[in-house]
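Written below as structure tokens is the structure these notes are about.
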Amino acid sequence: MSTATPNAPLVRVCLVRPHLEALPDFALPAGFDLRPYQPGDRDRWVGIVHAADPFLPISVATHEAAFGQDAKSLAERQQFLVAPDRQLIGTATAWHGEGGRWQGWGRVHWLAVVPAWQGKGLGKALLGATLRRLRELGYTRAYLITESVRFAAIRLYLQFGFAPDLTQVADRAAWRDLRNRGVPVQIPADDTTEPS
Ligand SMILES: CC(C)(COP(=O)(O)OP(=O)(O)OC[C@H]1O[C@@H](n2cnc3c(N)ncnc32)[C@H](O)[C@@H]1OP(=O)(O)O)[C@@H](O)C(=O)NCCC(=O)NCCS
């Protein structure tokens, strides 16, 4: 499912998981696998992300800008979901915080499942594997940045114990808007009597 639309205003929201304990354990359905990045996968990554969100301008340069050129690091951190027919149908990366406030945090980066395979529990399995990989890499907490139009992804992250990051005042309004649209989010210390 692509949740973004061409003209929707994109509001960035950030979610945090302050620990990586008690991770939900969703197994891959039978016949599916995960495999790590291999040289030559950049185009495959572009194909998956483009299929999952055709409105995003995505290219090999996007991959390079996000993940650099270090094949060893990519092999450790980037995973692909393999369908029973061996096609690659999803991806997610157990990345690292980009400095500043996020120094030392793990980052869930560019999670996507191609539309034909969505809604089958694969996103849950992929996100669980990504968080476990972060933990294996030594991280104790994780964050991610997404857009408020991505309801499916946000629901998934909330199910996995991520919570809204409310560091910026504007974030609270974005989360209230999501709650008003039916996203089951708890907004800490929120005054629900205020207009959203
Ligand atoms: C987010 C995404 C990876 C989920 O993948 P998926 O394989 O469909 O996910 P699952 O089938 O495992 O579903 C996991 C949860 O996602 C949420 N979800 C999935 N499809 C949904 C939909 N159509 N509407 C609302 N929530 C939905 C639900 O919380 C669901 O859990 P539930 O089945 O217990 O209700 C997929 O929708 C996708 O690639 N979206 C486009 C790209 C994107 O937005 N990526 C995130 C960038 S931060």
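Read-outs throughout are calculated quantities, based only on the coordinates presented, and are distinct from any laboratory measurement. Since this is a predicted model, take the numbers as computed values, not measurements. Using ideal geometry, Cβ is built from the backbone for each residue, glycine included, and neighbour counts are taken over all protein chains shown.
Apply 1/(1 + (r/R0)^6) to the Cβ-Cβ distance of Arg132 and Thr167, taking R0 = 22 Å, and write down the FRET efficiency to the nearest 0.05. Mind dumping the intermediate values first?
Details: r = 27 Å, r/R0 = 1.21.
Efficiency at R0 = 22 Å is approximately 0.25.
Distance between the C-alpha centers of the stretch 153-168 and the stretch 62-86? Whole Å please.
Using only Cα atoms, the two centres lie 24 Å from each other.
Take the chain, connect every pair of alpha-carbon atoms lying under 10 Å apart with a spring to form a Gaussian network, then pick out the residue of Val113, Val60, Val149 with the largest mean-square fluctuation.
Result: Val60 has the largest fluctuation of those listed.
What do you get for the angle between helix 169-180 and the principal long axis of the chain? Use alpha-carbon atoms, 0 to 90 degrees, nearest ten.
80
Amide H to amide H, which residues 5 or more places from Glu147 or on other chains are under 5 Å from it, using H placed in the peptide plane?
For Glu147, the qualifying residues are Val13.
Can you pull the one-decimal nm distance between simple spin-label points at Gln69 and Val46, each 7 Å off the Cα toward Cβ?
Once both label points are built, they end up 1.7 nm from each other.
Provide the gained length on full extension for the span Val183 to Ile145, in nm with one decimal, where the gain is 0.36 nm per separating residue minus the Cα-Cα distance.
Numbers: separation 38, 0.36 × 38 = 13.68 nm, distance 1.68 nm.
Roughly 12.0 nm would be gained on extension.
So if we plug the beta-carbon distance of Gln38 and Val11 into 1/(1 + (r/R0)^6) with R0 = 35 Å, what FRET efficiency do we get, rounded to 0.05? Spell out each step's value before the answer.
Numbers: r = 35 Å, r/R0 = 1.01.
Computed FRET efficiency for Gln38 and Val11 comes out at 0.50.
Give, to the nearest whole percent, the P(r) tail of the chain beyond 29 angstrom, counting all Cα pairs.
Numbers: 3969 of 19110 pairs.
When all Cα pairs of the chain are counted, 21 percent exceed 29 Å.
GNM on the chain, C-alpha springs below 10 Å: top fluctuator among His96, His109, His63?
His63
Using DSSP, restrict attention to beta bridges with both residues in the stretch 25-145 and report what percent are antiparallel, rounded to the nearest 5. Don't skip to the answer; put the middle values down first.
Values: 15 of 17 bridges.
Once the DSSP bridges in the stretch 25-145 are tallied, antiparallel ones form about 90 percent.
Mean residue ellipticity at 222 nm from the helices of the chain, using -39,500 (n - 2.57) per DSSP H segment of n ≥ 4 over the full residue count, to the nearest 500 deg cm²/dmol?
On the way: 6 runs with 62 residues, N = 196.
Theoretical 222 nm ellipticity from helices: -9500 deg cm²/dmol.
Assuming R0 = 45 Å, what is the FRET efficiency of Ala83 and His19, from their Cβ-Cβ distance, to the nearest 0.05? Before the final figure, lay out the partial values.
Values: r = 33 Å, r/R0 = 0.72.
That gives a FRET efficiency of 0.85.
Length gain on complete extension for the stretch Ala27 to Ala152, per 0.36 nm per residue less the alpha carbon to alpha carbon distance? Please report the intermediate quantities before stating the final value.
Values: separation 125, 0.36 × 125 = 45.00 nm, distance 1.92 nm.
That works out to 43.1 nm of additional length.
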